[in-house]
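Only one structure is covered here, and it is reproduced in the block below.
The values are calculated or read from the model by the stated rules, or taken from the named source; none is laboratory data. Note that the coordinates shown come from a computational prediction; the quantities given were computed from them, not determined experimentally. All Cβ positions, glycine included, derive from the backbone under ideal geometry; neighbour counts span all protein chains shown. Note: areas computed on protein heavy atoms with side chains; ligands, DNA, RNA excluded. Shrake-Rupley method; radii C 1.70, N 1.55, O 1.52, S 1.80 Å.
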Amino acid sequence: MSMTSELPERIIRLDEIANNMWWSWNRQARDLFRELDYPLWQAAGHNPVKQLREIDPARLQVAAEDLTFLSMYDSIVAFLDGYMSSRETWYRLTYPEILPGPVAYFSMEFAFHNSLPIYAGGLGVLAGDLCKEASDLGIPLVGVGFMYPQGYFHQRISPTGWQEEVYRTLDFAQAPICPVYTPEGNRMVVSVTLEDTSLYVAIWKLQVGRTTVYLLDTDIEENAPKDRVLSARLYTADRRMRLRQEILLGVGGVRVLRALGIQPVVWHANEGHTSFMMVERAREEIEKGATFNEALARIRATSIFTTHTPVSAGHDVFPSQLVGRYFNSYCESIGLSSDVLLQLGQHGDPALQTFNMSVLGLRMASYCNAVSQVHGQVTRRMWHSLWPDCSEDDVPIVHVTNGVHIPTWVAPEISGLFEKYVAWDWDWDWIGRQDDPDVWQRLSHIPNDEIWLVRLNLKRKLLRIMRERAQERWVENDVPAWQVLSMGCLLSPEVLTIGFVRRFAEYKRPSLIFRDIERIKRIVRNPDRPVQIIFAGKSHPADLPSKHILQQVCSMATDRGFQGRIAFVEDYDVHLARFLVHGVDVWLNTPRRLQEASGTSGMKAALNGVINLSVCDGWWCEGFNHSNGWCINDNIEILGPDEEDNIDAEAIYRLLEDEVAPLYYDQDRSGVPHKWVAMIKESMRFIIPRFCARRMMKEYFEQMYLPAAESIIGERLV
């Protein structure tokens, strides 16, 4: 929300900088707000919009007359102007203005920064990183999602270790968003009919560098009270409300773009939640005179569908009768039987009368992809029945392995090393060569003692943040002292630190390392080579089995037998994630095999010199090269759950005892573990260029966006 009227004229563009999420991945821009008022920057949760709302006007006047601050301000303004207007982007240099319109990217969630909590986990983080990288590359892309006023929940752990959910309403005035108005000055609103009732949707605009994201909001006076809360929360457990949300996002999202005069040339659906976007576009084609089959062919040709879910139970499935109820009048308006639409989402036994959102997306998009190589194999096997006339290997689902946005996730201290030793002769922030493996050979130039000192400082910073969070909970006076200690107050920066940080779900096996309690206690308490473990993550509110696992892990953090070396950090979010992927020594990942689609947290950790210890699944099958980390049983046969757990737990204990801890504590007289640092460098060298968002976005553009655009232009674009 703009506050330019309250800013001194000399620094009036602070508001513009604060309202473009570009600042969130630009270190110099963040430093500008830190310099403006550091205590308030901290208190505002690193949210410059909130900071500018709450700052003392006298402090702004002082800044407007401070030559040092003005020099920083002018530099950032010039940097932003150059970034936004530059024609020296990868897209413009490689494919000069080749697309006649933007790519429309639909996602149920987006994670850009903790100041805008409209995300739940990895799907949103991936969507946010994709939008940021599209901006950096100059690819014309517009995002469409929801403006959730309550977002996802905040997590509190009770003294019994049980997760409690706390919902807080976002103050829109303190978020980097602005309402969209018509040329006449009225709030822009579009309508969607659900069961013969008109539902009205307002639009919020979010600027993410060069990328614009539009967010839908039903909390407006035109709607009935029950409809105003439709967009209140992310991933509601109410199936009827979830279906209504997905209709609203797909159908309403297309109508929002039309109302804005935006004409995308390519449409990208991120997971099955967004598949109704293709149905609405087919309706438009039929209204123009196309037959259903003609409309379906046109929509398929320009649609991309990305699936992130390797298990059948993870896909959104609704009763066909419920879907039909919402689409009967919709289909009748274009002379189409709703049975035709329902068949597009049907999969498996027809007697079950179910409608699968991923099946709808797969059937209505010509370009379908999984998010890692092994996930591609699993996905082709899972959906082979949709293409019964071809072999499993020929099922038309490819893979584009996920990647992470380097400027967002790299620690400033690590970035400083890159700028000094790796990127000294090329423009890191604008064009860059982040996906060039040859560039990362220069990591060998970083002195071992320098990278080790940075790693220790990042660990100290993480432990300090954990102590501060524990202190805040203690001050609230609603937790006992022993629970405060379980939040990490007894951890030491000198001790080998393992992180298990991800959404708590049964298939991720968060408690696997506690399979043999006495064995892991001996490892943790080893007097010569001690180990400490940090856990963080949320369980879905309706997932009781995973909440029980979380409770079990929390009980370990309070077990005196571990000597305070097990910690659980509550309320895991994007802000905390940065400190965790920066600060631990080892990133532990233990999913059941073939149930991890990709995963990106390990990529973020590797970017910062954290070494992966993981089951060979998802991205790690491509990321592990036998010299850059550890793989937990990479060649075992898929067994029953109990046997798999026993074998994997034994492998983790053996690796910690015989390889990980000995390597970490093999330090010279200055305290530098040279062989460990060599593995850090090898991990960075191999992983960063292969698993960055730059590589990912180039693959999406060249393998999917360009061919899809060619289908409507009628000629080859390259």
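Just a few scattered comments:
- Computed packing ranks the peptides 344-351, 489-496, 229-236, 680-687 as 680-687, 229-236, 489-496, 344-351, most packed first, by mean other Cβ atoms within 10 Å.
- Computed packing ranks the peptides 56-62, 511-517, 206-212 as 206-212, 511-517, 56-62, most packed first, by mean other Cβ atoms within 10 Å.
- Accessible area expressed per residue, the chain, with surrounding protein chains retained (probe 1.4 Å, Å²): 38 Å²
- Distribution of pairwise C-alpha distances over the stretch 1-57, 5 Å bins, in %: 4, 21, 33, 29, 11, 1
- Taking 7 Å steps out from each Cα toward its Cβ at E392 and Q42 produces label points 5.6 nm apart.
- The stretch between E468 and D196, if pulled fully straight at 0.36 nm per residue, gains 92.7 nm over its current Cα-Cα span.
- Between the alpha-carbon centres of the stretch 487-513 and the stretch 467-484 there is a gap of 19 Å.
- Tail fraction, Cα-Cα pairs, the stretch 553-630, threshold 19 Å, whole percent: 46 percent
- Spin-label model, S711/R433: points 7 Å from Cα along the beta carbon direction are separated by 3.6 nm.
- With a Förster radius of 45 Å applied to the C-beta separation of W482 and I220, the computed FRET efficiency comes to 0.40.
- The lysines whose alpha-carbon is closer than 29 Å to the alpha-carbon of K459, local same-chain residues fewer than 8 away aside, are K50, K132, K420, K508, K521, K538, K547, K604, K675, K681.
- Rounded if a/c under 1.5, otherwise prolate or oblate - the stretch 501-585, Cα gyration tensor axes: oblate
- Subtracting the Cα-Cα distance of I647 and N457 from their residue separation scaled by 0.36 nm leaves 64.9 nm.
- Cα-only radius of gyration and Dmax that characterise the stretch 192-348, units Å: 15.7, 43
- Sulfur and carbon atoms: percent of accessible area, the stretch 199-295 [1.4 Å]: 47 percent
- Reported to the nearest whole Å, the Cα centre-to-centre distance from the stretch 248-325 to the stretch 188-206 is 17.
- If you take the Cα centroid of the stretch 441-456 and the Cα centroid of the stretch 92-152, the two points sit 33 Å apart.
- Of the three principal axes defined by the Cα atoms of the stretch 326-475, the extents in descending order read 68, 51, 30 Å.
- Identified option (computed Cα extents along the principal axes in Å; candidates [x] 96, 85, 49; [y] 87, 68, 45; [z] 79, 69, 55): [z]
- In the chain, helices alone account for a calculated mean residue ellipticity at 222 nm of -11500 deg cm²/dmol, with every DSSP H run of four or more residues adding -39,500 (n - 2.57).
- Seen through its C-alpha gyration tensor, with square-root eigenvalues sorted a ≥ b ≥ c, the stretch 538-682 comes out rounded because a/c lies under 1.5.
- Relative contact order of the chain, taken over Cα pairs closer than 8 Å and 6 or more residues apart, is 13 percent.
- Probe 1.4 Å - accessible area at Y572, Å² to nearest ten: 50 Å²
- Overall, the anisotropy analysis places the stretch 123-234 in the oblate class: the square-rooted eigenvalues a ≥ b ≥ c of its C-alpha gyration tensor yield a/c not less than 1.5, with a/b not exceeding b/c.
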